[in-house]
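Chemist: To start, I am sharing the structure in question, which I have written as structure tokens.
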Amino acid sequence: MSPWPSFLQDRNPEAIKITLPDGRHFDGKSWRTTPFEVAEKISRGLADAAIAAKVNGEV
């Protein structure tokens, strides 16, 4: 069994500000908002096609 579900459940989410490449911003929650949700803010096609994400400079 993967440790991720309990690992994520044990984290307290905090409000975060997410900046998209075009400069737009939106609010999210640390440990809850997913790269898929961020990609959807850009376009549904990108969200469906993306296979990797960079978070805080790390892939």
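Taken together, the values in this text are just the output of simple stated rules run on the coordinates, not laboratory data. Keep in mind it's a predicted model, so treat the numbers as computed, not measured. Please note: Cβ atoms are built from the backbone with ideal geometry, for glycine as well, and neighbour counts cover all protein chains shown.
Chemist: Could you calculate, for the chain, the ratio of the Cα radius of gyration to the Kirkwood radius, expressed as Rg to Rh?
Modeler: So for the chain, dividing Rg by the Kirkwood Rh gives 0.99.
Chemist: Quick one: which residues, 5+ away or cross-chain, put their amide H under 5 Å from the amide H of Ile16? H built at 1.01 Å from N.
Modeler: Gly28, Lys29, Ser30
Chemist: In debye, nearest 20, what is the charge dipole magnitude of the chain about its Cα centre with +1 on Lys and Arg Cβ and -1 on Asp and Glu Cβ, if you could check?
Modeler: Result for the chain is approximately 80 debye, rounded to the nearest 20.
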